[in-house]
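Before any comments, here is the structure.
The values are calculated or read from the model by the stated rules, or taken from the named source; none is laboratory data. What you see is a predicted model; the values in this text were computed from it and never measured. Cβ atoms come from the backbone with ideal geometry, glycine included; neighbour counts cover every protein chain shown. Accessible surface is based on the protein model in full, side chains and every heavy atom, while ligands, DNA and RNA are left aside. Shrake-Rupley method; radii C 1.70, N 1.55, O 1.52, S 1.80 Å.
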Amino acid sequence: MRLISAFISCLLICTFLLIGCSVKENEPENPVENEEAPIVEEKGAEAEAPEEMPEETVVTAPEEKPEEKPEEIPEEKPVAEYVAVEGFSLSFNSVTLSVGDKRMPIVSVTPSNATNKGESWISSDESVARVDRLGNITAIAEGTCTVTVTSTDNKDVYSTVNVTVVPQPDLTYIDGILIVNKTYPLPNTYAPGWETEASGPLWEMISAAKAEGINLWMTSGYRSYYDQEYIYNGYVARDGQAEADTYSARPGHSEHQTGLAYDLNDLASNFGETAEGKWVAENCHKYGFIVRYPKEKEAITGYIYEPWHIRYLGVEKATEVYESGLCLEEFLGITSVYAE
Ligand SMILES: [Zn+2]
């Protein structure tokens, strides 16, 4: 019995050993496969301790999320950060312009990543040079002034341009007045446009007239050399040159090219007898204008009576001419005759 029981014991031991060996033999196979797929290893671990599964899942998930978030946050922060403007500099700080010319300095803002790069422009004397909100400087009349650009972020940050305006070459100024008539032409390049020193006073005069019950309106103002050429050629084709020359200027000889002359209301020959025409004749000098082609001065001005055509000279000069009772050619002692 002892032998039998000893034999059985041996068998049992051997069986246990064999099972143990087979388990050991199987174990190394798994890690070899798992080297490429470590997830299987976790599964094995999970299988031994199923209670730990949710814990591991919970732990690994939040670990991945915070890794993504900190990457996004530092990218957003600099954009939202306010960067103050420290300096303004301009591509030029002094400029000499001929009347009617335009120039625009380029603004550099420091630092380049400033949050508010807004700028505001102003001229110290708009009768000399004007500046629009983009920095376009337009030379209006002979003289000097300063154009300043200021940061809208900080008014202590600014830069200036010293502007000198000189008469345009090929233009005739007499007593400070730009002369345009049959003797004195303008070059075809002279194109000041609608915004001139006369445009403000014109609307001021129209408003003042309206307040007195006088209804004035502007029929025409600035006209380019080429517009005048088109109009004049049309009149010549219709009436012949001799006739056209009495009421229409040849290209380069129109006061409308200066941007300083306007036609009012209906351009009717009886405008001078209307309440509106009388008001203009008696009051326009107060706003800097004269009736440029008066009655009975046709031989001197070279044009028929045009009670509707006014020309800006500035209040001082216009008042002098008005009080003299002379037409502009007489007042300045000049002629108005075509060369040919
Ligand atoms: Zn006119």
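Using a probe of 1.4 angstrom and keeping all protein chains present, the accessible surface of segment 87-166 works out to 50 square angstrom per residue.
Averaged over its residues, segment 200-339 has an accessible area of 46 Å² per residue, based on protein heavy atoms and a 1.4 Å probe.
Electrostatic bookkeeping for Lys102 treats Lys and Arg as +1 and Asp and Glu as -1; over the other residues with beta carbon under 14 Å from its beta carbon, the sum is -1.
Counting only heavy atoms of the protein chains and using a 1.4 Å probe, Ser123 has close to 20 Å² of accessible surface. For the residue pairs Lys102/Lys155; Lys182/Lys278; Lys210/Lys278; Lys182/Lys297; Lys117/Lys155, the C-alpha atoms sit more than 20 angstrom apart in Lys102/Lys155; Lys182/Lys278. Note on segment 173-332: dipole from Cβ charges, positive end direction compared against Asn265, Ile231, Ala208; the farthest Cα belongs to Ile231. Lys317 contributes an accessible area of around 40 Å² to the protein surface, as traced by a 1.4 Å probe with all chains present.
Given Cα pairs under 8 Å that are at least 6 residues apart, what percent is the relative contact order of segment 81-226?
Contact order relative to length: 22 percent.
Expressed as a whole percent, the accessible area of segment 133-244 that falls on carbon and sulfur atoms is 49 (1.4 Å probe).
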